[in-house]
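To start, the structure under review is shown below, and the notes come after it.
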Amino acid sequence: MNSVSPNLDALARHVSLKVNGAERSADVEPRVLLVDFIRTNLRLTGTHIGCDTSSCGACTVLVDGTPMKSCTLLAVQVSGRSISTVEGLAAGAAMSPMQTGFHEEHGLQCGFCTPGMMLVGTALLEHNPNPTEEQIRWAISGNICRCTGYMNIVKAIQHAAAIKAEAVKAPKPEAVAAGGGQ
Amino acid sequence: MFPAAFDYRAPSSLAEAVDILRQRGEEAKVMAGGQSLIPLLKLRFSQPALVVDIGRLPNLAGVERKDGHLRVGALTRHVQVESNTDLRTLCPILPEAAHWIADPLIRNQGTVGGSVCHADPQGDWGSVMLALDADFVARSESGERTIKAADFFQGPFTTALRPDEVLTEIRIPLAAHSAGAYNKLERKVGDFATVAVAVQVEMNGDKIAKAGIGLTSVGDRNLKARDAEKSLAGKQPTDEAIAEAARLAAAAAEPKADVRGSAEFKRDIVRVFVQRGLKTAVARARGGQ
Ligand SMILES: Cc1cc2nc3c(=O)[nH]c(=O)nc-3n(C[C@H](O)[C@H](O)[C@H](O)COP(=O)(O)OP(=O)(O)OC[C@H]3O[C@@H](n4cnc5c(N)ncnc54)[C@H](O)[C@@H]3O)c2cc1C
Ligand code: FES
Ligand code: FES
């Protein structure tokens with residue numbers, strides 16, 4: 001970060017995170033929020049800022065696989081941990097089952113809430129591969145969508161669960177589109 | 001929004017944490033999950049010179065049974081209480097209340113200890129701990145002391161903790177034939193309670209040996225409805241006894257009108273929830289649920 005004053009520079013801490021599998025680090029002031037670290041320092045702008053008051057879930061990221069609000073975490077607080085953002089969902093050009101679900105079921109309109117919704121859905125299916133509609137609605141209850149009315153978001157997550165279940169039944173080599181793969 | 005500048009320490013042991021607080025407690029803020037503190041820092045309602053992040057301290061998270069009580073580590077996340085299946089029979093009010101707190105994302109990071117130390121009059125854990133007659137264990141450089149839940153909450157966002165102290169655990173007595181219930185009215189997920197009521201009963205045969213009742217969002221702190229509690233001791237849980245306790249608890253509430261409802265409305269919800277909570281708690285304590 002550009003220095004604001006020597007005094008503030010003196011407060012800076014080395015923050016080092018694994019973001020979507022890659023080691024990323026920077027020296028930042030302790031007051032820097034995780035969402036600003038991700039958007040400004042790492043230039044990963046798929047993580048959105050909606051309310052900035054811990055209420056909407058647009059800023060959701062996974063911290064060691066668990067969904068949290070990155071506007072309500074300090075970057076220093078999660079130094080050393082693994083962060084997943086929406087940019088980490090696709091494997092190269094191949095969409096993840098969750099992304100395919102949102103695509104197929106029309107799970108978004110403006111798309112502002114979508115990164116958070118897809119990350120919450122991804123985390124849900126990790127520990128509950130076959131959730132009920134009620135469990136899906138519970139999981140996304142901290143994420144607000146102003147457009148869809150939630151019906152298609154629920155369907156999208158169910159669709160993703162079905163794709164994953166299919167993949168377990170008939171394991172086949174990962175279809176990785178040209179130029180894809182991580 | 002971002003906070004005013006502060007210095008940051010993340011001690012790796014409790015001894016180091018209390019040493020930092022001994023030296024700089026007056027100008028410092030402890031941070032557990034940050035789910036209440038970070039919003040306050042962002043709004044600049046709180047501008048500490050130093051944030052002491054205890055989030056990485058070992059052995060302070062988790063719920064365990066020990067010598068007739070439950071030990072809830074201060075860093076236990078709300079979600080750990082919510083998803084603990086043993087607690088559903090051992091102390092059902094805990095997972096029931098956890099389920100109502102904030103939303104799943106905040107429950108993944110916010111802690112039980114942080115919640116009681118924040119002492120929001122609209123917070124849920126305070127009422128639960130008052131109903132359970134829990135003890136709060138605080139550590140400082142000079143040693144450990146235990147504070148009764150009833151003495152812990154001193155006013156809005158004010159507790160009996162000193163600036164050099166860290167809350168380390170909450171001890172909940174576990175009596176046989178006891179159970180509780182938490183009822184909460186909220187406008188939507190993530191909203192604080194319009195009104196919520198925590199009820200815990202211990203049965204002795206067909207009589208109530210002891211009752212605990214805590215009220216959320218109807219006072220300048222979480223309130224303990226003492227007259228209502230006393231009225232139940234030694235009584236059979238008849239409709240009349242329950243109605244009388246509910247009336248006393250409603251009288252003890254100090255609700256204020258706001259966007260969530262009028263004072264009369266909130267007082268009446270207290271009455272209804274005490275009644276409902278007592279019936280559920282008695283049924284659970286008798287093994288009905
Ligand atoms: C949108 C939103 C909705 C919410 N809804 C609810 C709700 O419905 N019901 C409810 O009860 N809560 C609600 N909360 C608050 C939530 O429960 C927080 O998780 C909790 O209040 C704080 O826990 P924390 O670990 O994040 O504490 P922090 O934010 O880290 O700390 C809170 C305060 O406690 C102090 N502190 C923390 N731990 C300790 C300790 N061990 N020793 C000494 N001092 C300590 C800190 O100095 C600070 O003053 C909500 C929060 C948000 C953002
Ligand atoms: S921007 Fe973080 S919850 Fe709305
Ligand atoms: S698609 Fe617009 S907010 Fe959800």
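The values are calculated or read from the model by the stated rules, or taken from the named source; none is laboratory data. All values reported here derive from a predicted model rather than from experimental measurement. In this analysis, Cβ positions are derived from the backbone assuming ideal geometry, glycine residues included, and neighbour counts consider all displayed protein chains. Ligands, DNA and RNA are excluded from the accessible area calculation, which covers all protein heavy atoms including side chains. Shrake-Rupley method; radii C 1.70, N 1.55, O 1.52, S 1.80 Å.
Per residue of peptide A:68-76, the mean number of Cβ atoms on other chains within 10 Å of the residue Cβ is 6.
For chain A, what relative contact order do you get, as a whole percent, if you take Cα pairs closer than 8 Å and at least 6 residues apart? Mind showing how you got there, number by number?
Values: 312 pairs, mean separation 39.3, N = 182.
Relative CO of chain A lands at 22 percent.
Over the residues of chain B, the helix contribution to mean residue ellipticity at 222 nm works out to -9500 deg cm²/dmol, using -39500 (n - 2.57) for each DSSP H run of at least 4.
Based on alpha carbons, the Rg and Dmax found for segment B:63-173 are 13.2, 38 Å. What is the sum of charges, Lys and Arg at +1 and Asp and Glu at -1, for the other residues whose Cβ falls under 11 Å from the Cβ of residue A:63? Local net charge: +2.
Interface size, chains B and A: roughly 2400 Å² of accessible area buried, both sides included, 1.4 Å probe, rounded to the nearest 100. Of the DSSP H helices in chain B, those with a Cα length along their own long axis of 27 Å or more and a mean Kyte-Doolittle hydropathy reaching 0.0 comprise B:263-285. If R0 equals 25 Å, the separation of the Cβ atoms of residue B:243 and residue B:206 corresponds to a calculated FRET efficiency of about 0.90.
Taking the C-alpha atoms only, the angle from helix A:151-169 to the longest principal axis of chain A is near 70 degrees.
Of the trypsin sites (Lys or Arg not before Pro) found in segment A:115-158, the ones in coil according to DSSP and having at most 14 other Cβ atoms within 10 Å of their Cβ are A:146.
Semi-axis lengths, largest first, of the ellipsoid equivalent to segment A:43-108 are 23, 16, 10 Å, with √(5λ) applied to each eigenvalue of the Cα gyration tensor.
Shape class of the protein assembly as shown from the alpha-carbon gyration tensor: oblate, with a/c at 1.5 or above and b/c at least as large as a/b.
How many percent of the accessible area of chain B is carbon or sulfur, using a 1.4 Å probe? Let's see the in-between values first.
On the way: 5770 of 11970 Å².
Percent of accessible area from carbon and sulfur atoms in chain B: 48.
Each Lys or Arg adds one and each Asp or Glu subtracts one; over the other residues with Cβ under 9 Å from the Cβ of residue A:11, this totals -1.
With R₀ set to 51 Å, the beta-carbon distance separating residue B:64 from residue A:43 gives a calculated FRET efficiency near 0.70. Relative to the longest principal axis of the Cα atoms of chain A, the long axis of helix A:114-127 makes an angle of roughly 70 degrees.
Based on Cα coordinates alone, diagonalise the gyration tensor for segment B:7-53, multiply each eigenvalue by 5, take square roots, and list the semi-axes in whole Å, largest first. Provide the component values of the computation, followed by the final result.
Values: eigenvalues 75, 28, 9 Å².
Gyration-tensor ellipsoid for segment B:7-53: 19, 12, 7 Å.
Taking all protein chains as shown and a probe of 1.4 angstrom, residue A:150 keeps an accessible surface of around 60 Å². Here residue B:267 sits with roughly 90 square angstrom of accessible surface, probe radius 1.4 Å. Between B:249, B:196, B:175, the Gaussian network model of chain B with springs among Cα atoms under 10 angstrom shows the greatest mean-square fluctuation at B:175.
Each part reduced to its alpha carbon centroid, segment B:1-50 and segment B:66-115 end up 24 Å apart.
Trypsin sites (Lys or Arg not before Pro) within segment B:175-231: which are DSSP loop residues with at most 10 other Cβ atoms inside 10 Å? Intermediate values should be presented prior to the final figure.
Working: sites: B:184, B:187, B:188, B:207, B:210, B:221, B:224, B:226, B:230; in loops: B:187, B:188, B:221.
Counting only loop positions with at most 10 other Cβ atoms within 10 Å, the trypsin sites (Lys or Arg not before Pro) in segment B:175-231 are B:188.
Taking a point 7 Å from the Cα of residue B:286 along the Cα-to-Cβ direction, the residues of segment B:206-241 with backbone N closer than 19 Å to it are B:206-212, B:232-241.
Distance between the pseudo-spin-label points of residue B:254 and residue B:154 (7 Å out from Cα toward the beta carbon): 1.6 nm. The mean sequence distance of close C-alpha pairs (under 8 Å, at least 6 residues apart), as a share of the length of chain B, puts its relative contact order at 16 percent.
Residues of segment A:22-39 with accessible area at least 50 Å² lower in the all-protein-chain context than alone (1.4 Å probe)? When all protein chains are present, A:31 each give up 50 Å² or more of accessible surface. When you filter the GluC sites (Glu not before Pro) in segment B:133-183 for DSSP loop state and at most 16 other Cβ atoms inside 10 Å of their Cβ, you are left with B:141. Under 11 Å from the Cβ of residue B:2, count the other residues' Cβ atoms, weight Lys and Arg +1, Asp and Glu -1, and hand me the total. Spelling it out: positives minus negatives among the neighbours equals 0.
Rank A:96, A:25 by accessible area, highest first, at a 1.4 Å probe radius? Before the final figure, lay out each step's value.
Values: A:96 15, A:25 70 Å².
Largest accessible area first, the residues go A:25, A:96.
If you plug the beta carbon distance of residue B:56 and residue A:127 into 1/(1 + (r/R0)^6) with R0 = 30 Å, you get a FRET efficiency near 0.80. The mean number of partner chain beta-carbon atoms within 10 angstrom of a residue's beta-carbon across peptide B:93-105 is 4. With viscosity 1.567 mPa s and temperature 4 °C, the Kirkwood radius over alpha carbon pairs of chain B converts through Stokes-Einstein to a diffusion coefficient of 67 µm²/s.
Per-residue packing, averaged as other Cβ atoms within 10 Å, sorts the ranges A:28-39, A:67-78 into the order A:67-78, A:28-39, beginning with the highest.
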